[in-house]
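Report on the structure given below.
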Amino acid sequence: MPELRRLHAGHAPAVLAFELANRAYFAASVPDRGDEFYDRFADRHSALLAEQEAGICAFYVLAAEDGSVLGRFNLYDLENGAAVLGYRVAQHVSGRGVATAAVRELCRLAAARHGLRTVRAATSRDNVASQRVLAKAGFVPVGPADPAGIGGKPGTWYQRDLEVQP
């Protein structure tokens with residue numbers, strides 16, 4: 001059973017393998033990160049851990065039983081009880097409800113662990129799969145998204161209000 005785990009230093013090799021294995025798949029729907037991202041991955045991973053330690057972001061991996069990464073689920077810009085959600089799942093598990101289940105779990109953690117009340121996510125209008133994931137996870141469309149933030153494509157912001165756990 002896959003498990004959503006908080007990102008740590010030991011995840012670096014599995015996360016890099018996930019990113020490389022799915023690079024072409026991701027590039028079909030979001031802008032490619034470029035060779036420098038992969039060439040300097042260790043530095044980027046360390047920077048993410050520093051952001052997480054500072055409390056401005058919370059990064060998670062969806063790990064398979066064998067430790068391989070099936071997806072990344074991240075909360076960015078944690079501020080005033082709100083955050084922005086970003087996620088990606090491996091091609092071989094897409095369309096199986098994996099992303100929806102992980103987004104639901106991340107929303108639970110966002111409230112319980114991070115004290116968040118609102119999570120927002122933007123997706124391009126042509127990314128129907130992501131729109132379905134967000135809708136099934138309880139998000140509703142709240143307005144247009146700046147195309148600059150989603151690879152230059154027109155899109156929509158989605159939002160889910162959370163119940164903060166006591």
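Each value in this text was obtained by applying a stated rule to the coordinates, not by laboratory testing. Note that the coordinates shown come from a computational prediction; the quantities given were computed from them, not determined experimentally. Glycine also receives a Cβ, built like all others from the backbone with ideal geometry; neighbour counts cover every protein chain displayed.
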- Item | Loop sites in segment 51-128: GluC sites (Glu not before Pro), DSSP, at most 11 other Cβ within 10 Å | Glu65
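Determine the calculated [θ] at 222 nm for the chain from helices alone, applying -39500 (n - 2.57) to every DSSP H run no shorter than 4 residues and normalising by the residue count; nearest 500 deg cm²/dmol. Mind dumping the intermediate values first?
Numbers: 6 runs with 58 residues, N = 166.
Dividing the helical sum by the residues of the chain leaves -10000 deg cm²/dmol.
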- Round to a whole angstrom and tell me the spacing of the C-alpha centers of segment 1-44 and segment 58-117. 14
- Hull surface over four for the Cα convex hull of the chain, reported in nm², is 9.4
- Query: Non-local amide H neighbours of Ala137 (under 5 Å, H modeled in plane, Pro and chain starts lacking H): which ones?
  - Reply: none
- Determine the sum of side-chain charges near Gly34: Lys and Arg each +1, Asp and Glu each -1, restricted to other residues whose C-beta is under 15 angstrom from that of Gly34. -2
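Assigning unit charges at the beta carbon (Lys, Arg +1; Asp, Glu -1) and nothing else, what dipole magnitude in debye, to the nearest 20, does segment 3-161 show about its Cα centre?
Working: 19 positive and 17 negative charges, 129 e Å.
Its charge dipole is roughly 620 debye.
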- Item | Summed side-chain charge close to Arg96 - residues other than Arg96 whose Cβ falls under 13 Å, Lys, Arg +1, Asp, Glu -1 | +2
- Ranked Ile150, Ile56, criterion: other C-beta atoms within 10 Å, fewest first: Ile56, Ile150
- Task: Mark the label point 7 Å from the Cα of Ser68 along Cα→Cβ and return the residues of segment 3-23 whose backbone N is within less than 19 Å of it.
- Result: 3-5, 11-23
- Message: 7 Å from Cα along Cα→Cβ at both His8 and Ile56: what's the point-to-point distance in nm?
- Response: 2.5
- Item | Projected label distance in nm at Asn80 and Lys136, using a 7 Å step from Cα toward the beta-carbon | 3.3
- Which chymotrypsin sites (Phe, Trp or Tyr not before Pro) from segment 61-166 combine a DSSP loop assignment with at most 11 other Cβ atoms within 10 Å? none
- Message: Please compute the modelled spin-label separation between Ala17 and Asp32, points set 7 Å along Cα→Cβ, answer in nm with one decimal.
- Response: 2.4
